[in-house]
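Below: the structure, in structure tokens.
The values are calculated or read from the model by the stated rules, or taken from the named source; none is laboratory data. For clarity, every value in this text was computed on a predicted model and none was experimentally measured. Because the Cβ atoms are built from the backbone with ideal geometry, glycine has one as well, and the counts that use them run over all protein chains shown. Only protein heavy atoms, including side chains, enter the accessible area calculation; ligands, DNA and RNA are left aside. Shrake-Rupley method; radii C 1.70, N 1.55, O 1.52, S 1.80 Å.
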Amino acid sequence: MTILDGRATSNTIKEEIAEAVKKLKEEGKKTPHLAAILVGTDGASMTYVNAKVKACEKVGFNSTLIDLPEDSTEEQLLHEISDLNKDNDIDGFIVQLPLPKQIDEQKILMAVHPDKDVDGFHPVNVGKMTLELPTFLPATPFGIMQLLERYNVETSGKNVVVIGRSNIVGRPMSILLSQKRSFGNATVTVAHSRTKNLEELCQNADIIVAALGIPEFLTGAMVKEGVTIIDVGITRIKDETKKRGYRLAGDVHFESVSKKASFITPVPGGVGPMTIAMLLKNTLLSCERRSV
Ligand code: GUN
């Protein structure tokens, strides 16, 4: 069994990015600049956004964090987005999700200029991804593709089950893995809450991407020997024995599934760190594109 080590792999990618930034600076070119908008004080979102800003510093990017109050209006948020769209120093920016309920998420994502949409969430970029045109791939699926590639996990002709059909992970993952591309060419089934024969599908799967958001849902009894497991789930579970009062659980019951798996991502330290590295990669790409 091989652990798909997202922490180590993301560090390698961040070193590659830092090297590229150093070169840009030496050549007198622009330093990449990522901005993030956070609305409200959700604990997990604050942790993720802070980790993104810290990662920027680590690779030599400039970063800007825009903190807006929980009761912000849609107009206020649209105004900030418009400013970032126009700001020539900003190469890319993200609006951390989820947003408070008074704000229409789709309307917000559509306001981000596609050329600065380093999350790859704008419909134009989703369309380009689907058509295999150059674009920003959404960071989590991009990170998973990188893990498969860097550990040389064969996907061609394999049966893949993606559990979850979210716009951020499940749907794009299913599209990328079925495309005619390296580390694609898989036969993909998208399973979700209405799927009737999930156990049977999983037992026939060579690769399972668990992205449904139910802690420790996938157990050893549901998978076959030699399976590759990508665990996208990350849920805080109350645990008084921990100093911070919670532990992190994936969508996979690691102990039982890892006994049968040939490759598996841990939680934490699997997909999570890859997501941040690929957001940086997209920002570097945007900076390079904008300066030509
Ligand atoms: N919330 C959960 N994942 C993500 C992500 O990749 N980008 C943004 N902007 N928000 C998220």
### Message
Could you give the length gained by full extension between residue 236 and residue 19, i.e. 0.36 nm per residue of separation minus their alpha carbon distance, to one decimal place?
### Response
74.7 nm
## Note on the structure
Restricting to Cα pairs under 8 Å and 6 or more apart, the percent relative contact order of segment 183-292 works out to 23
### Query
What distance in nm separates the simple spin-label points at residue 258 and residue 214, each placed 7 Å from Cα in the Cβ direction?
2.3
#### Entry: Sequence of 251, 115 from largest to smallest accessible area, 1.4 Å probe
115, 251
### Query
Roughly how many Å² of residue 145 are accessible to a 1.4 Å probe, to the nearest 10?
10
### Query
How many nm is it between the label spots at residue 73 and residue 41, if each spot is 7 Å from the Cα in line with the beta carbon?
2.3
### Message
Of 188, 226, 249, which is farthest towards the positive pole of the chain's charge dipole, taken about the Cα centre with +1 and -1 on the beta-carbons of Lys, Arg and Asp, Glu respectively?
### Response
226
### Task
Averaged over every viewing direction, what's the projected area of the C-alpha convex hull for segment 1-152? Give it in nm², one decimal, please.
10.4
### Task
Any chance you could tell me what percent of the C-alpha pair distances in segment 78-203 go past 16 Å?
67
#### Entry: Calculated over segment 1-72: convex hull of Cα atoms, volume per residue (Å³)
85
## Note on the structure
Under the Karplus relation with 6.51, -1.76 and 1.60 and θ = phi - 60°, whole-Hz ³J(HN,Hα) for segment 267-284, x at Gly and Pro, equal 10, x, x, x, 5, x, x, 5, 4, 5, 4, 6, 5, 5, 4, 5, 5, 4
### Message
Leaving out ligands and nucleic acids, and using a 1.4 Å probe, what accessible area per residue does the chain come to in Å²?
### Response
48
## Note on the structure
For the chain, the accessible surface attributable to carbon and sulfur atoms (probe 1.4 angstrom, ligands and nucleic acids excluded) amounts in percent to 51
### Task
Assign one of three labels to segment 133-292, namely rounded, prolate or oblate, based on the Cα gyration tensor with a ≥ b ≥ c the square roots of its eigenvalues; rounded applies when a/c is under 1.5, prolate when it is not and a/b is larger than b/c, and oblate otherwise.
oblate
### Task
Name the residue farthest towards the positive end of the dipole of segment 9-157 from the options 79, 46, 140, assuming +1 on Cβ of Lys and Arg, -1 on Cβ of Asp and Glu, about the Cα centre.
140
### Query
Which residue, 66, 94, 81, tops the fluctuation ranking in a GNM of the chain built on C-alpha contacts under 10 Å?
66
### Query
Helix-derived [θ] at 222 nm for the chain: sum -39500 (n - 2.57) over DSSP H runs of at least 4, divide by residue count, nearest 500?
-12500 deg cm²/dmol
### Task
Beta carbons within 10 angstrom, averaged per residue: use that to sort the peptides 235-247, 131-143, highest first.
131-143, 235-247
### Rg/Rh for the chain, where both radii come from Cα atoms and Rh is the Kirkwood radius
0.97
### Query
Dividing the alpha-carbon Rg of segment 199-292 by 2.2 N^0.38 Å yields what?
1.34
### Calculated FRET value between residue 62 and residue 203, using beta carbons and R₀ = 51 Å, to 0.05
0.55
### Summary
Cβ-Cβ cut-off under 10 Å around residue 109, Lys and Arg +1, Asp and Glu -1: the net charge is -3
